[in-house]
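First comes the structure, then the notes that go with it.
The values are calculated or read from the model by the stated rules, or taken from the named source; none is laboratory data. Quick caveat: nothing in here was measured; it's all calculated off a predicted structure. Here the Cβ positions follow ideal geometry from the backbone for every residue, glycine too, while neighbour counts run over all protein chains shown. Keep in mind that these areas ignore ligands, DNA and RNA; they rest on the heavy atoms of the full protein, side chains included. Shrake-Rupley method; radii C 1.70, N 1.55, O 1.52, S 1.80 Å.
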Amino acid sequence: MQQPASPASRSGTPRLRRRDSSAPNTPRAGPCGLGGVGRRTTFREDVGHAAAETYLVTRLTFILLRSLGVGSRWICQLLALLIYAVLLMPGFIRVGYYYFFSSQVLRSIVYGDQPRNRLDMYIPTDRSKPNPVVVFVTGGAWIIGYKAWGALLGRRLAERGIIVACVDYRNFPQGTISDMVSDASEAISFICDTVASYGGDPNQIYLMGQSAGAHIAACALLEQAIKESQGEEIYWSVTQIKSYFGLSGGYNMQNLVDHFHKRGLYRSIFLSIMEGRRSLPQFSPEIIAKKLTHGAIALLPEIVLFHGTGDYSIPSSASKIFADVLKKAGAKAKVQLYRGKTHTDVFVQDPLRGGKDPLVEDVVSIIHADDADARHKYDDSAPSPERLVSEWRIMLARQISPF
């Protein structure tokens, strides 16, 4: 396993154990010209893949409805979601075309042996030198998370010279929270092992999650820090992660049970996802952080939490409190709030507008902070992304959004 140049800067030498040689740890398929990646897929294969992905998304929708029950509230929510999707469809179609047919997108790379252990890789066009890497865990209320939800973010960051690995993982009812955290950790391990094969820099790996994905990624990060501080054998080191980015996440599950119930994620379903009420502290990064040893805290990378103040799916106070807890424990943490932005503004509507996207700009500024050449090439001189959806559609979708 390639390791960062100086992991001792945050800890002693980690007891890294190599992945099982039988694990699927080699690149599978993708465009020609990517070292070790393989052959380019045909148009027929791309169409077949698109059909399979569409079927999966449809099946996930019905699983969600069956799990939650189809009452009047959910019928209204479903109608709102359909109208929301129709309004933004011009942008979704263009992003979908990029996702399915761009030679810069490597889809469904196998990273583990469990169901849905797949990830998509978004590769920059310029591979003259190793690129920074973001491991992105998508959201979806722990029920409909899917790797393709990160396509727009993946495209925007790849345009700025950053490789993005969007991770799929087992959702409820296929798995519960411990399965999701395990899958995320396995994906991080895979990236740490193989990212150089895709043109990535193993010394510049960042971990990011959105909504439920931010919670899952935070759980994986803290769990790994605890294991590493206790001298347990590990497959990846927390010192290999330069920064953690949490977008619109919830970090204290005990405080969110009633809130989610009122929002439609019913208490019985949520507690099943979290493996019972007694397990809530175990899967609450805010609570875990209060109990971390100095050794575990010292391992943690910089933690940056992004949140919109108009988010009513997960209140922005969740990020503010988590950051305060981390800072009191001695970790390096900060919060970036977006005034008036909702749960979907930051991740969906703003990128569809084109131009400078606040979240992308903030993330890129951290990743490129020590690279003057990248800042000049991608930040100062890069063309502004084009608008994908007209403003009236975005504003109407924002009002109708069920999130």
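Some observations on this one:
- When I321 is tested against (1) in contact with a Leu (Cβ under 8 Å, 6 or more places away or on another chain); (2) open to solvent by 10 Å² or more (accessible area, probe 1.4 Å); (3) within 29 Å of D258 (Cα to Cα); (4) of a type outside the set (S, T, Y), exactly one condition is not met: (1).
- Count of the range 286-299 residues which are open to solvent by 10 Å² or more (accessible area, probe 1.4 Å), in contact (Cβ under 8 Å) with a residue 12 or more places away in the chain and farther than 27 Å from T342 by Cβ: 8
- All of (1) in contact (Cβ under 8 Å) with a residue 12 or more places away in the chain; (2) open to solvent by less than 40 Å² (accessible area, probe 1.4 Å) hold for S272 with one exception: (2).
- Within the range 359-370, considering residues that are in contact with a strand residue (DSSP E or B) (Cβ under 7 Å, 6 or more places away or on another chain) and open to solvent by 30 Å² or more (accessible area, probe 1.4 Å), the one farthest from I83 (Cα to Cα): I366
- Neighbours by Cβ (under 8 Å, 6+ apart or cross-chain): first from the range 206-231, over 20 Å from Q254 (Cα atoms); second among the charged types (D, E, K, R) and modelled with pLDDT of 95 or more: Y206/K242
- Criterion violated by S316 - all others in (1) in contact (Cβ under 8 Å) with a residue 24 or more places away in the chain; (2) buried (at least 20 other Cβ atoms within 10 Å of the Cβ); (3) over 21 Å from V133 (Cα atoms) satisfied: (1)
- The residues listed here are D193, D179, D126; of these, the one that is of a type in the set (D, E) and within 14 Å of G213 (Cα to Cα) is D179.
- Search result, residues across the range 79-89 that are touching a residue at least 12 places away in the same chain (Cβ under 8 Å), open to solvent by less than 50 Å² (accessible area, probe 1.4 Å) and assigned to a helix (DSSP H, G or I): A80, Y84, L87
- Boolean, I109 is among the aliphatic types (A, V, I, L, M), open to solvent by less than 20 Å² (accessible area, probe 1.4 Å), in a loop (DSSP other than H, G, I, E, B) and in contact (Cβ under 8 Å) with a residue 24 or more places away in the chain: no
- Condition check for K356: over 28 Å from N203 (Cα atoms), in contact (Cβ under 8 Å) with a residue 12 or more places away in the chain and either exposed (fewer than 14 other Cβ atoms within 10 Å of the Cβ) or in contact with a strand residue (DSSP E or B) (Cβ under 7 Å, 6 or more places away or on another chain) (or both): no
- Of all the criteria given as (1) crowded, with 20+ Cβ neighbours inside 10 Å; (2) closer than 20 Å to P385 by Cα, the one not satisfied by S103 is (1).
Residue by residue, here is whether (1) among the aromatic types (F, W, Y); (2) in contact with a strand residue (DSSP E or B) (Cβ under 8 Å, 6 or more places away or on another chain); (3) surrounded by fewer than 20 Cβ atoms within 10 Å (Cβ to Cβ) holds:
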| position | (1), (2), (3) |
| --- | --- |
| V195 | no, yes, no |
| G199 | no, yes, no |
| L207 | no, yes, no |
| G213 | no, yes, no |
| C219 | no, no, no |
| A225 | no, no, no |
| I234 | no, yes, yes |
| V238 | no, no, no |
| F245 | yes, yes, no |
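- Total residues in the range 173-187 satisfying the condition of being open to solvent by less than 30 Å² (accessible area, probe 1.4 Å) and closer than 23 Å to P281 by Cβ: the figure is 7.
- The single condition among (1) part of a helix (DSSP H, G or I); (2) over 27 Å from A85 (Cβ atoms); (3) touching a residue at least 24 places away in the same chain (Cβ under 8 Å); (4) more than 22 Å from the chain's Cα centre (by Cα) that D373 does not satisfy is (3).
- Filter pass, D126 being surrounded by fewer than 18 Cβ atoms within 10 Å (Cβ to Cβ) and either within 18 Å of V195 (Cα to Cα) or touching a strand residue (DSSP E or B) at 6+ places or on another chain (Cβ under 6 Å) (or both): yes
- Residue in the range 376-403 that is most open to solvent (accessible area, probe 1.4 Å), counting only those that are among the aliphatic types (A, V, I, L, M) and touching a residue at least 12 places away in the same chain (Cβ under 8 Å): L396
- Scan of the range 195-247 for residues that are among the polar types (S, T, N, Q) and touching a Lys or Arg at 6+ places or on another chain (Cβ under 7 Å), ordered by number: Q204, T239
- Any chance A151 is within 21 Å of A220 (Cα to Cα), surrounded by 18 or more Cβ atoms within 10 Å (Cβ to Cβ) and either in contact with a strand residue (DSSP E or B) (Cβ under 6 Å, 6 or more places away or on another chain) or not acidic (D, E) (or both): no
- Selection count where residues are open to solvent by less than 50 Å² (accessible area, probe 1.4 Å), free of Cβ contacts under 8 Å to residues at least 60 places away in the same chain and at negative phi, scope the range 275-284: 3
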